[in-house]
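Data first, discussion second: the structure below is written as structure tokens.
None of the figures in this text is laboratory data; all of them are computed from the coordinates on show. The shown structure was predicted, so the numbers you read here are calculated from the model rather than taken from an experiment. Virtual Cβ from ideal backbone geometry, glycine too; neighbours counted across all protein chains shown.
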């Protein structure tokens with residue numbers, strides 16, 4: 001049974017004012033009830049079909065990815081990710097660009113906010129199962145801004161549309177509420193060992209307040225962190241400056257599938273700029 005809308009941080013389409021208030025205060029919020037069960041069923045079917053198409057070679061290599069996984073060799077037999085999934089799934093495209101999502105993003109990022117659906121990695125379907133065939137384990141502490149401190153695309157709001165509900169069994173989102181208000185330093189190197197360019201801003205956040213402690217390098221417990229659990233069909237929103245990580249599943253026989261992407265409030269890069277960054281990260 002889905003948790004009620006009275007759950008802290010969870011809001012329905014009829015209370016977007018409340019969602020915006022909570023998001024501005026804590027850096028994240030959950031939108032529940034914007035998708036029907038039929039909507040999620042169709043999204044699931046189209047994403048699974050795209051995933052199978054990547055493995056079989058039926059989809060162009062544009063849609064496959066080994067960038068984010070720990071063991072790239074496993075991508076030959078299993079696909080943890082499908083990039084630009086909104087281009088091959090009409091249901092995903094409809095969900096992420098629907099009137100409620102557009103309204104939320106305008107409230108959070110301004111009237112000129114834009115969806116990054118055809119640049120860099122686009123919108124990504126992720127199958128984060130932990131089994132032996134999977135090349136994915138978990139993601140350590142970071143803020144999304146740290147992936148592109150040289151870009152002027154910020155601020156940004158990431159969305160994660162959950163096909164499966166989350167729990168300690170299949171993994172979940174860890175966040176530090178309010179950390180989007182901290183002026184977090186740019187990393188010296190990114191997760192793939194690529195040096196941060198000289199053009200990078202030294203730090204980024206919603207305010208100039210210094211973090212009360214350093215961001216851990218891995219998966220350590222952080223003072224004040226909370227776990228965010230999602231129900232099937234929920235859309236979790238979080239700020240690009242929010243400190244967050246993903247907890248590993250404790251049950252190797254579970255699934256955690258979702259669609260993730262982002263809306264941006266800054267300048268849209270010129271053609272080719274983000275593709276260069278993407279290739280450098282590989």
Which of 7, 199 has the fewest other C-beta atoms within 10 Å, and how do the rest follow up to the most? 199, 7
Extend 7 Å from the Cα of residue 267 along its Cα-to-C-beta direction; within region 90-125, residues with backbone N under 17 Å of that point are 112-114
Length released on extending from residue 25 to residue 38, taking residue separation times 0.36 nm less the Cα-Cα span: 1.4 nm
Taking a cut-off of 22 Å, what percent of all Cα-Cα pairs in region 10-281 are separated by more than that? 56 percent
If you restrict to DSSP beta bridges whose two residues both lie in region 10-281, what percentage is antiparallel, to the nearest 5? 95 percent
Could you work out how much longer the chain between residue 52 and residue 152 gets when fully extended? Use 0.36 nm per residue separation minus the Cα distance between them, nm to one decimal. 32.4 nm
Which residues does the label zone of residue 97 cover in region 114-128, counting backbone N under 13 Å from a point 7 Å along Cα→Cβ? 114-119, 123
Peptide ranges 169-176, 215-222 listed from the most packed, as the mean C-beta count within 10 angstrom indicates: 169-176, 215-222
Tell me, in nm to one decimal, what length is gained between residue 252 and residue 232 on full extension, where the rule is 0.36 nm per residue of separation less the Cα-Cα distance? 5.3 nm
